[in-house]
1. Quick test for you: out of A:Thr41, A:Thr68, pick the one residue that is more than 25 Å from A:Arg104 (Cβ to Cβ) and out of contact with any Ser or Thr (no Cβ under 8 Å at 6 or more places or on another chain).
2. So, B:Ala169, is that one aliphatic (A, V, I, L, M) and either touching a residue at least 24 places away in the same chain (Cβ under 8 Å) or in contact with a helix residue (DSSP H, G or I) (Cβ under 7 Å, 6 or more places away or on another chain) (or both) or not?
3. With the stretch A:154-225 as the region, which helices (runs of 4 or more DSSP H) entirely inside it contain at least 1 residues that are out of contact with any helix residue (DSSP H, G or I) (no Cβ under 9 Å at 6 or more places or on another chain)?
4. With surrounded by 23 or more Cβ atoms within 10 Å (Cβ to Cβ), closer than 16 Å to B:Ala39 by Cβ and touching a helix residue (DSSP H, G or I) at 6+ places or on another chain (Cβ under 8 Å) as the only criterion, which of B:Leu291, B:Leu251, B:Leu243 stands out?
5. Go through the residues of the stretch B:178-195 one by one and say whether even a single one is in a helix (DSSP H, G or I), over 22 Å from B:Gly67 (Cβ atoms) and more than 14 Å from chain A (Cβ to nearest Cβ).
6. Could you tell me which residue of the stretch A:41-70 is surrounded by the fewest Cβ atoms within 10 Å (Cβ to Cβ), considering only residues that are among the hydroxyl-bearing types (Ser, Thr, Tyr) and within 12 Å of chain B (Cβ to nearest Cβ)?
7. Do you know which residues across the stretch B:132-156 are part of a strand (DSSP E or B) and under 24 Å from B:Met68 (Cα atoms)?
Amino acid sequence: MLRVEKLSTFYGNIQALRDVTIRVRRGSITTIIGANGAGKTTLLRTISGLNKARHGLIIFEDQDITNTPPNKIVKMGISHAPQGRQVFGDMTVAENLELGRYSRRFANRAEYKQDIEMVYEVFPILAERSGQLAGTLSGGEQQMLAVGRALMSRPKLLLLDEPSMGLAPKVIQSIFKTLFRLHEQGLSILLVEQDAKIALETADYGYVMRTGKVALGGDAGELLENEEVKKIYLG
Amino acid sequence: MIYGSATVFTLLLVVTLSIKGSTGLQWIVSGLTVGSIYALVAMGFSVIYSSTRVINFAQGEFSMLGGMLMYTFASKAGVPVPLAFILSVIIVTLLGAGFERLAVHPLRYSSVITVIIVTIGFSIFLRAVAKWIWGSDPVKIASFSGDKPIRFLGAALVPQSFWVFGFTALAVLLVFLFFNRTIVGKGMTAAAANPDAASLVGISTSTSSLIAWTIAAALGAAAGIIIAPIKFAAYSVGTMLGLKGFAAAILGGLGSAPGAVVGGLILGVLETIAAGVFPSGYKDAVAFLILILVLLAWPQGLLGRRQDVMA
């Protein structure tokens, strides 16, 4: 479904990604783990078009999408829930979700109703809070809103950046349970996560990134058993 | 702060009315008229600022061009007023949109300061072209519905004032509805608050900027046209009008649409009262004295919020 070939991205003169090659299979949850600054977030931002690639290719469903602007990428079916949630704090929950379907704003009202009901079913708390300003939600609720907003564009592939960041273990559990349910309904997910344990337990495939490069890749189950992964990332 | 300044302002109005009676009322009504125009210009500043963080120093020139084009169409060519109004607004709007595409858009990766300096250059250019086309003498434009003043408690109101009030109210309502009720308008607000998150849901920041410039140019042109019969039109009126509008936007809180209206009306009234009380040469100083005081004391303005969103 998604192929990233020898991708290199720079911030000015600093190289953040070095020849990164990964695959995301249709219907899978693929995770990328690694320490802070390994380039995980940059990889997602380059796929979704926020950062420009200097070398390499990004192929989505047999189409070259390298350096396509983000507003076009989301129309093609890749939705990115960015790191640190990034909800529109001065708008209500409902308005955030409405903006989530901006790329589909010409679709009919009936589809909009379906989409929003789907999100409210996945995250019932958002329905209760629909009139509340997004900035006043708790961290976990904002994370759910960020994921819900990303789902509103009806993505085929969901890019998720650190959904566990700053959340209590119980909240993390519930968010990952929801992700797994979405995956069972056919959504493909590329998940970037620092919490290697829960990421590898949820995912089918995994990659380990280190200093801008892919250091390891394979079945998530195998990576869980890998001595090096155990030592460095699973403590 | 809001309540404090509202109290001071109301007190000033009451004092003016009780000391000066109908003359005071006249000042206030005239002040509200010119203040409405400042409000429209201030809204132009706010729309562009809140969508792109750019201060458009050519905003006043849009008003100047609106007035001058109206002169050409209505007074010279004899085009009926409504049609002349629409034509003038369309031309200025296209000019604003064209400037955005040709000069602002290519600078989207440059700093905001660069774009602001380009707008200053653009304003000088527009003024020079206007002087070349229309010359430097002020021109008179006929009022939309006659000049017979309407008496009200001893104050005289020119009928054009009603056009000014009505149009300002309509424009404020439309801008409010656009930014708060349509998905494109909300998207523009979102793009200003968080460009990355906005582009990830499919909002194009480049389209936002184009729409903002289009709206601002239309607001500016309309303001220049409806005030022209009361003041006068000339190639040089844009600079002062732009600066007053900017002062009004700062006073109300840059980026806030209600703030632009409140700022404009307060500035218009204060200025007119000052022109009555002090030698009228000091009138313009009032606007800039207010600008300086506001910037020093509470830079976010009366209704501004730290996030600078349109609301």
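1. Only one candidate passes the filter, namely A:Thr41.
2. no
3. Counting at least 1 such residues, we get A:169-184, A:220-225.
4. B:Leu251
5. The answer is yes; a qualifying residue exists.
6. Result: A:Thr68.
7. Across the stretch B:132-156, the qualifying residue is only B:Val139.
Residues are listed down the side, and each one gets a yes or a no for (1) under 30 Å from B:Ser206 (Cα atoms); (2) touching a strand residue (DSSP E or B) at 6+ places or on another chain (Cβ under 8 Å):
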| position | (1), (2) |
| --- | --- |
| A:Arg23 | no, yes |
| A:Phe60 | yes, yes |
| A:Thr66 | yes, yes |
| A:Lys75 | yes, no |
| A:Ser79 | yes, yes |
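The values are calculated or read from the model by the stated rules, or taken from the named source; none is laboratory data. Every value quoted in this text rests on a predicted model; they were computed, and no experiment measured them. Cβ atoms come from the backbone with ideal geometry, glycine included; neighbour counts cover every protein chain shown.
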